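Colleague: First, the structure itself, so that you have it in front of you.
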Amino acid sequence: MGTAPVPVLEVTAAQRAAVEVALRRRDLAPRRRERLEMVKAAALGQDFDEIARWSGRSRETVRRWLAAYQAGGIDALADAPRQGRPPKADAAYRAALEAALERPPRTLGLPFDVWTSGRLSAYLAQQTGTRIAPGWLRVVLHQQRFVCGRPKHTLEHLQDPDEVAACQEALRLAGEKGAGAASTV
């Protein structure tokens, strides 16, 4: 006679639904996702050894994260704060960055048409009081999924359309004359 595996973790239906919702989030950190998967597996009846085998973690690590979930819920599965100074680009800075990028520089009273990382850094330092180097600002832009690139500058707006048409006609005629001469050689 086979016996059903004994659940390692007692999880209510509401807790299980909350874990499922959390697992569907796209912005979930990989380590937190793994811990939530451990909770889900334990709720489905897998024991420590099975969870440790597929997760690649030790039995003690699995036990520690399941105990943390039992004590504090989903929030207890987050990583501890990292050491070091807090990031300069906090939520207020990122909001100011997004607001600045939504509008052309001229509408903000600035004397240029295109943002560069240096110009954007100087503008945000003036607006927020937080100075971030242009190189680090490009990293923040990448994290926020903004794309940086060089503008394509042309001189078309300075050209006289009549002169451009005359030059194109002269080139066309020169091409016709040159094509006939090449065939006679």
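The values are calculated or read from the model by the stated rules, or taken from the named source; none is laboratory data. All of these numbers come straight from a predicted model, not from anything done at the bench. Backbone-built Cβ (ideal geometry, glycine too); neighbour counts: all protein chains shown.
Colleague: Of all residues in region 126-159 being modelled with pLDDT of 90 or more and outside any helix (DSSP H, G or I), which is farthest from A100 (Cα to Cα)?
Modeller: Step by step, filter region 126-159, then rank; the result is A133.
Colleague: Picking from A133, A122, A170, which residue would you name as being over 24 Å from P86 (Cβ atoms), surrounded by 10 or more Cβ atoms within 10 Å (Cβ to Cβ) and among the hydrophobic types (A, V, I, L, M, F, W, C)?
Modeller: Going through A133, A122, A170 in turn, the sole match is A170.
Colleague: Then there is this: For region 34-41, state whether one or more residues are at pLDDT 90 or above, surrounded by 13 or more Cβ atoms within 10 Å (Cβ to Cβ) and not in a helix (DSSP H, G or I).
Modeller: no
Colleague: M1 passes all but one of (1) at pLDDT 90 or above; (2) more than 30 Å from V147 (Cβ to Cβ); (3) surrounded by fewer than 16 Cβ atoms within 10 Å (Cβ to Cβ); which number fails?
Modeller: Single failed check for M1: (1).
Colleague: Looking at (1) exposed (fewer than 15 other Cβ atoms within 10 Å of the Cβ); (2) in a loop (DSSP other than H, G, I, E, B); (3) not charged (D, E, K, R), can you tell me which one A71 breaks?
Modeller: Condition (2) is where A71 drops out.
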